[in-house]
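What follows draws every value from the coordinates through simple rules; no lab data is involved. What you see is a predicted model; the values in this text were computed from it and never measured. Cβ: placed from backbone, ideal geometry, glycine included. Neighbour counts: every protein chain shown.
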Amino acid sequence: MLEKFLNEYLGIEERVNETGIKEKINLNKNQDLAFIRSQFKRRLVKANPKTIRLINNRLEGTTISLECSCNKPLNVSVIEDRNKILSLISGWIAEENRLGNTPMKLELI
């Protein structure tokens with residue numbers, strides 16, 4: 001579910017495989033799921049956001065502040081912190097689904 005949500009944000013339709021051939025993204029392949037996560041992490045590093053805003057189908061927003069999370073700022077250039085961000089987004093998606101809402105949008109601010 002995380003990768004599907006991230007892929008909608010990134011808008012990736014295909015990737016180049018190890019032999020140099022373009023393939024459509026298949027969310028049933030572990031290789032494509034890892035590719036989507038890595039592309040999102042790259043986007044995080046490039047954008048270096050201060051806040052991540054997650055919006056559901058009711059237009060209710062959840063904000064993740066990277067400057068004051070867990071008494072220690074999250075640094076997107078550190079791999080452990082990027083993984084924490086993915087964990088937070090995954091937890092939000094699970095909670096929204098449990099409540100019957102649909103995760104709709106992600107904004108890097």
Sole residue being touching a Ser or Thr at 6+ places or on another chain (Cβ under 9 Å) and over 27 Å from N101 (Cα atoms), chosen from N48, N71
N48
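The rows are residues; the columns are (1) more than 28 Å from G100 (Cα to Cα); (2) not hydroxyl-bearing (S, T, Y).
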| position | (1), (2) |
| --- | --- |
| L10 | no, yes |
| E14 | yes, yes |
| K24 | yes, yes |
| R37 | no, yes |
| N57 | no, yes |
| S77 | yes, no |
Across segment 21-53, what is the number of residues that are in contact with an Asp or Glu (Cβ under 9 Å, 6 or more places away or on another chain), assigned to a helix (DSSP H, G or I) and loosely packed, with under 11 Cβ neighbours inside 10 Å?
0
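Within segment 67-86, how many residues turn out to be within 27 Å of E18 (Cα to Cα), assigned to a loop (DSSP other than H, G, I, E, B) and β-branched (V, I, T)? Break it down into steps so the answer makes sense when it comes.
Residues of segment 67-86 that are within 27 Å of E18 (Cα to Cα), as a first pass: 77-80, 82-83, 86.
With the extra rule that they be assigned to a loop (DSSP other than H, G, I, E, B), the set shrinks to 77-78.
Next cut, β-branched (V, I, T) only: 78.
So the count comes out to 1.
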I64 passes all but one of (1) surrounded by 12 or more Cβ atoms within 10 Å (Cβ to Cβ); (2) not in a strand (DSSP E or B); which number fails?
(2)
Those residues of segment 10-20 which are charged (D, E, K, R) and surrounded by fewer than 11 Cβ atoms within 10 Å (Cβ to Cβ) amount to E13, E18
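Name every residue in segment 1-20 that is part of a helix (DSSP H, G or I) and among the basic types (K, R), in order of residue number. Can you show your working first?
The first filter runs over segment 1-20 and keeps only residues part of a helix (DSSP H, G or I), leaving 2-10.
Residue satisfying the conditions is K4 alone.
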Is one or more of the residues making up segment 95-102 touching a helix residue (DSSP H, G or I) at 6+ places or on another chain (Cβ under 6 Å) and either surrounded by 11 or more Cβ atoms within 10 Å (Cβ to Cβ) or not in a helix (DSSP H, G or I) (or both)?
no
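Each row is one residue, and each column tells you yes or no for (1) under 18 Å from M1 (Cα atoms); (2) in contact (Cβ under 8 Å) with a residue 40 or more places away in the chain.
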| position | (1), (2) |
| --- | --- |
| A34 | yes, no |
| F40 | yes, yes |
| K50 | no, yes |
| W92 | yes, no |
